[in-house]
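Here the structure is laid out as structure tokens; the discussion comes afterwards.
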Amino acid sequence: MSGCRYLEKYEWLVCLEHFDGCCAYCGTSKKKLTADHLVAKSRGGKDEASNIVPACETCNQNKGTSDWREFMMSMSTFSQERMNKVFSWRRIGRYL
């Protein structure tokens with residue numbers, strides 16, 4: 001797992017722990033994880049914990065600047081449980 005240049009080390013570690021060391025989108029733990037902005041910076045997303053989740057490189061590239069909810073729901077591996085984790089991270093991340 002790579003570090004995150006957008007968050008303090010402890011924030012990234014808390015984020016990884018929240019997602020059980022897995023990609024927030026597909027749930028894999030077998031690939032290198034990168035930091036992904038839920039709302040792309042080009043769409044006004046910020047470099048703050050509540051907007052950053054761990055993503056495997058495949059999901060990060062495939063999502064691009066798409067809406068994260070639409071991206072997740074379009075996946076063949078869609079999981080409401082993972083989507084709920086993202087929603088809860090959006091709330092928790094505000095307080096880091």
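Read-outs: derived from the displayed coordinates by stated rules, not from any lab. Because the structure is predicted, anything quoted here is derived from the model rather than measured. Because the Cβ atoms are built from the backbone with ideal geometry, glycine has one as well, and the counts that use them run over all protein chains shown.
Here are the numbers:
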read-out: Partner aspartates and glutamates for residue 31 [C-alpha distance under 13 Å; skip if fewer than 8 residues away on the same chain]; value: 57
read-out: Rounded FRET efficiency, nearest 0.05, which uses the C-beta distance separating residue 9 from residue 69 and R0 of 35 Å; value: 0.80
read-out: Dipole in debye (nearest 20) - the stretch 8-96, about Cα centre, beta carbon charges: Lys, Arg +1; Asp, Glu -1; value: 100
read-out: Listed candidates [x] 0.91; [y] 1.03; [z] 1.08 - label of the one calculated as Rg/Rh (Cα atoms, Kirkwood Rh); value: [x]
